[in-house]
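The values are calculated or read from the model by the stated rules, or taken from the named source; none is laboratory data. This one's a predicted model, so the numbers in the text were calculated from it and none came from an experiment. In this analysis, Cβ positions are derived from the backbone assuming ideal geometry, glycine residues included, and neighbour counts consider all displayed protein chains. Ligands, DNA and RNA are stripped out before the accessible areas are found, and what is left, the full protein with its side chains, is counted by its heavy atoms. Shrake-Rupley method; radii C 1.70, N 1.55, O 1.52, S 1.80 Å.
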Amino acid sequence: MRWAGWPSSSLQLDVQHDDLEPFQPLRDVADFYRSEEVFDRRIHIIGIGNVGRFIAHSIRGVPSPPPVTLIFHRALYNQQWLVSDQKLRVITNGVEETIHGFNAEVAFPRPRHHGREIAVDGSDSFNSSDPFASEQSTGPTVLEGESTKPIHSLIVCSKSSTVVSALLSIRHRLLPSSVILFLQNGMGTVDEVNEIVFPDAATRPHYMIGINSHGLNNAHVNKPFTTNHAGFGTIALGILPHARDSPDATKHYPLAPVTRFNPGVDEINPVESKRPADPDPDNPQPYSSSWPKTARHLLRTLLRTPVLCATAFSPQDVLQLQLEKLAVNSVINPLTVLLDARNGAILYNYALTRVMRLLLAEASLVIRSLPELSHVPNVEQRFGAGRLETLVVGVANATRENVSSMLADARAGRRTEIDYMNGWIVKRGELLGVSCVTNFMIQELVKGKTRMISHELGDNVPFVGVHGVDDGTGENH
Ligand SMILES: CC(C)(CO)C(=O)C(=O)O
């Protein structure tokens with residue numbers, strides 16, 4: 001590395017190596033910044049619901065915080081922000097804390113039809129067999145008011161069902177070196193994003209997964225940028241391996257094991273490890289040597305934000321935590337929708353315990369059969385139906401006064417996350433030969449009930465749109 005702008009005499013004192021180029025002072029400070037990559041600390045947050053607001057507020061509350069940009073998906077919300085005092089408020093135990101210093105932008109969700117992106121000008125990219133045809137021929141479409149600046153660190157707090165359309169609106173701003181933290185309930189979002197938004201692993205950003213258990217609601221509906229921190233929780237974080245670094249590990253699923261031991265065969269022909277634990281014992285590499293700078297920055301920022309209670313886990317541990325949460329959500333959330341009741345309603349009711357057991361028997365079998373867990377010890381016990389039931393009852397009891405996020409969505413006529421909960425169990429079950437009829441039935445019942453409510457509300461809730469229309473990019477509440 002060349003030290004620009006330093007007196008050459010002081011530099012030469014330190015230089016011991018003959019193979020270094022002779023020092024040539026750079027012209028000025030600007031040259032230094034041109035020759036060295038300048039690291040952008042800015043964190044963008046998309047999905048400015050309760051979770052997004054809470055995280056933005058928490059990050060800006062620490063000493064020397066990074067710049068934070070809120071990305072709104074509706075011109076209306078951006079307008080509301082611009083005419084407000086541009087501050088976020090979080091209420092904890094009745095005490096309101098106000099934080100300012102945010103930037104704001106707007107990015108409009110791209111309309112999609114039958115899973116295909118439609119060109120915003122109405123042209124026929126969606127008739128083409130290549131879903132990216134319009135973007136490839138004309139470059140990304142930037143709508144009026146949208147930014148084109150690169151995004152290096154992004155936290156996605158949108159609801160699972162709207163993550164793809166939210167990311168399509170900023171795909172052209174995300175670089176292969178960027179990092180995206182996904183903070184959704186349920187499973188399957190990352191696979192969907194890989195398939196639709198970043199199909200080419202060579203240009204795909206890095207991913208992090210987060211599991212949030214903070215209880216957040218907007219108890220003050222008439223205060224749009226205020227969030228109530230109702231239950232203290234944690235955020236479990238993990239950096240996912242990238243397909244560029246280990247294509248085998250991510251070909252079918254991000255966490256599939258790399259090498260497997262075949263008894264009998266490998267004893268005769270020992271397997272040559274593709275990624276040996278210690279490839280060069282003389283130059284040991286730290287565990288995180290392949291983590292990109294952006295992911296390390298985002299992880300460190302979240303870990304040094306006390307109110308978030310964030311902890312880092314290995315990808316395998318994050319997957320298991322996600323699956324535990326999935327099992328809990330796939331019982332409490334749909335049952336509370338069908339019963340139109342708070343979480344505690346599923347307790348002390350044997351008829352509902354039987355439904356819970358039917359759902360969990362299928363979920364447990366699917367999870368225990370997942371190939372990505374085949375090398376993990378103790379899976380049979382951790383994901384046994386009995387243990388999952390204990391988890392569900394514990395959470396239902398601890399959150400007995402809560403309106404579940406799915407019930408809140410259903411009551412408001414919004415699309416729910418059922419496809420990423422029970423739907424994911426059914427889908428993975430089909431691939432594994434495990435039939436999940438109870439989960440399928442409950443998935444369809446929830447969809448039916450949500451549709452019913454949305455009709456009752458006047459059928460006035462379109463899911464996809466562009467400017468100013470309610471486009472379904474709901475936030476994670
Ligand atoms: C744990 C539970 C059920 C709490 O309400 C939840 O995560 C949700 O509502 O989505």
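Distance between the 7 Å Cα→Cβ label points at H100 and Q79: 2.4 nm. Would you mind checking the stretch 378-409 for residues with the amide N under 20 Å from a putative spin-label position 7 Å along Cα→C-beta of A361? From the stretch 378-409, the list is 380-393.
Any idea what the relative contact order of the stretch 314-457 is, in percent, if you count C-alpha pairs under 8 Å spaced at least 6 apart? Don't skip to the answer; put the middle values down first.
Details: 166 pairs, mean separation 45.8, N = 144.
Rounded, it is 32 percent for the stretch 314-457.
Across the cross-link table entries K325/K427; K159/K427; K159/K447; K325/K449; K87/K223, which are compared at the Cα atoms, the separations over 21 Å belong to K325/K449.
FRET efficiency for the pair K293 and E380, taken as 1/(1 + (r/R0)^6) with r the Cβ-Cβ distance and R0 = 35 Å, rounds to 0.35. Spin-label model, S64 to D317: label points 7 Å out along the Cα-to-beta-carbon direction sit 2.7 nm apart.
Across the stretch 94-103, computed HN-Hα scalar couplings (Karplus, 6.51 cos²θ - 1.76 cosθ + 1.60, θ = phi - 60°) run x, 9, 9, 10, 10, 10, 10, x, 9, 9 Hz from first to last residue, x flagging Gly and Pro. The chymotrypsin sites (Phe, Trp or Tyr not before Pro) of the stretch 202-237 that meet both conditions, a loop assignment by DSSP and at most 12 other Cβ atoms within 10 Å of the site Cβ, are F232.
Compared with the direct C-alpha span, the chain from A219 to R451 gains 81.0 nm at full extension, assuming 0.36 nm per residue.
For the stretch 373-461, applying the loop criterion from DSSP together with a ceiling of 15 other beta carbons within 10 Å to the trypsin sites (Lys or Arg not before Pro) yields R400. Taking amide H as placed 1.01 Å from N in the peptide plane, I151 has its amide H under 5 Å from the amide H of L174, L175, each at least 5 places away in sequence or on another chain.
Taking the solvent-accessible surface of protein heavy atoms with a 1.4 Å probe, what is the per residue accessible area of the stretch 374-420 in Å²?
Details: 2280 Å² over 47 residues.
With all protein chains present, the stretch 374-420 gives 49 Å² per residue.
Panel note: the C-alpha atoms of the stretch 175-248, placed on their principal axes, show extents of 46, 23, 21 Å (largest first).
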